[in-house]
Amino acid sequence: MPPNSPDSPPICEEKKPKSPPKYAELDENNNAEKDIPIVDVERQIQVVDDSTQQWLILRKDIKWLNVIAITLLHLMALYGLLTVSYSQHKRTMTWAFVIVIFTGFGVTGGAHRLWTHRSYKANARMRVLLMICFITAGMNNLYHWVRDHRVHHKYSETDADPHNSRRGFFFSHVGWLMLKKHPDVKAKGQSIDMSDIVNDPVVAFCDRHNLLLRILTTLFTIGVPVYCWNEDWYHSFAFQLFRYVYDLNATWSVNSLAHIYGDKPYNRKIDPVENRLVSWLTFGEGWHNYHHTFPWDYRAAEIGGGRFNLTARVIEWFAGLGWASDLREPSPALVRRTIAHRGDGTHPCVLRQSSSTAGGGSSVADDVLDNLESAIGKSHFF
Ligand SMILES: [Zn+2]
Ligand SMILES: [Zn+2]
């Protein structure tokens, strides 16, 4: 375009500099290709630097052996799940389901509600049975399981919580097993009173021979289908592998799903929630907002309202046999007051009342509840 053509801009008109000042990327002829705001560039560099730094810090804490083992385990279970013929191995599949129920009870009724929380008492026969079920589940030894869970309750959602859900879903589900423990977990773990576990002869014996007992129970669960109804080793192994991976993920879901997705009818100030799916997966451990509010209740939930809780039913059955005793639970009045003053208003009994009652806790009422809870639970474990 000629300089003074009608369409050209007036010569005296100065081009205004663009604001804010920008860094111009130059091509090989030193012509500006495109403009990138300085602020954005700095922020991008900062983000890259931060994530690189975080990765370098994280990398030092990764337990590579656990990462490989857990990944391989899941890949093998998935391969088995997709390739086995279910219709030709119904008995073996049923056997795996039976083992899920027994091992599930060993974890929920044994490691959790009996040994960690002391929510009921069990005689020696029941403790041996629970221990066999727990060992068959293939978890850590009981001492570590109980200590980690007591720390989890006492320091929930802090750095001292082994599977702190504030660090994200993956970390609270399985990531925490792939990383070295946070120093606070170790420090607070040492302060936990474990004298009752150390002094339980059933626990002491089984923890001392944990590896041997795990091998024996694994051989038993795989061997029964082979020797009792001529199952081949591959399919027997495949179904038990899937059972094991299920047990692990069901247990982990309490730490992840039941701390992230759900309502808080009993205490809106804490992270654990009521999660129906987790309760189905774990035979009644998903009523987690209630459980963290009343950890010493053998039911780990309110009964009724369609809340699935197989573990509570089985404990009651053992109580009928005389094997379990001193089943502990809060009074209905205390639960009602807690719902009214601490809950988020999603409990069915609150929903039936006027909206003014929902979630409207007064500090005075909270104090009264604090005193009631500490008076009732002063001798319980967390
Ligand atoms: Zn929890
Ligand atoms: Zn618990």
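None of the figures in this text is laboratory data; all of them are computed from the coordinates on show. This one's a predicted model, so the numbers in the text were calculated from it and none came from an experiment. Glycine gets a Cβ as well: all are built from the backbone with ideal geometry, and neighbour counts include every protein chain shown.
Brief remarks on what is shown
- D159 being surrounded by fewer than 21 Cβ atoms within 10 Å (Cβ to Cβ), in a helix (DSSP H, G or I) and either within 16 Å of ligand 2 (Cβ to nearest atom) or not basic (K, R) (or both): no
- Applying the condition of being more than 22 Å from H291 (Cα to Cα) and not in a helix (DSSP H, G or I) to the stretch 72-130 and asking which residue is farthest from ligand 2 (Cβ to nearest atom) yields S85.
- When Y266 is tested against (1) within 16 Å of ligand 1 (Cβ to nearest atom); (2) within 18 Å of the chain's Cα centre (by Cα); (3) touching a residue at least 40 places away in the same chain (Cβ under 8 Å), only condition (2) is not met.
- Verdict on G286 being of a type outside the set (D, E), more than 16 Å from ligand 2 (Cβ to nearest atom) and touching a residue at least 24 places away in the same chain (Cβ under 8 Å): no
- Here N164 fulfils each of the conditions (1) surrounded by fewer than 19 Cβ atoms within 10 Å (Cβ to Cβ); (2) within 16 Å of ligand 2 (Cβ to nearest atom) apart from (1).
- Filtered residue count, the stretch 167-195, keeping only those that are within 22 Å of I270 (Cβ to Cβ), within 16 Å of ligand 2 (Cβ to nearest atom) and surrounded by fewer than 16 Cβ atoms within 10 Å (Cβ to Cβ): 0
- Restricting attention to the stretch 131-166 and to residues that are away from ligand 1 (no atom under 14 Å from the Cβ) and without any contact (Cβ under 8 Å) to a residue 24 or more places away in the chain, the residue that is nearest to A96 (Cα to Cα) turns out to be N140.
- Against the test of being more than 11 Å from ligand 2 (Cβ to nearest atom) and assigned to a helix (DSSP H, G or I), the options H144, H149 yield a single qualifying residue, H144.
- Screening Q88, Q54 for residues that are under 30 Å from N230 (Cβ atoms) and surrounded by fewer than 13 Cβ atoms within 10 Å (Cβ to Cβ) leaves exactly one candidate, Q88.
- Qualifying residue in the stretch 327-342 (condition: in contact with a Gly (Cβ under 7 Å, 6 or more places away or on another chain) and farther than 24 Å from V151 by Cα): yes
- Residue among F239, F205, F220 that alone is in a helix (DSSP H, G or I), aromatic (F, W, Y), touching a His at 6+ places or on another chain (Cβ under 9 Å) and away from ligand 2 (no atom under 14 Å from the Cβ): F239
- Consider the stretch 269-292 and keep the residues that are away from ligand 1 (no atom under 13 Å from the Cβ) and within 21 Å of G104 (Cα to Cα). The one that is surrounded by the most Cβ atoms within 10 Å (Cβ to Cβ) is G284.
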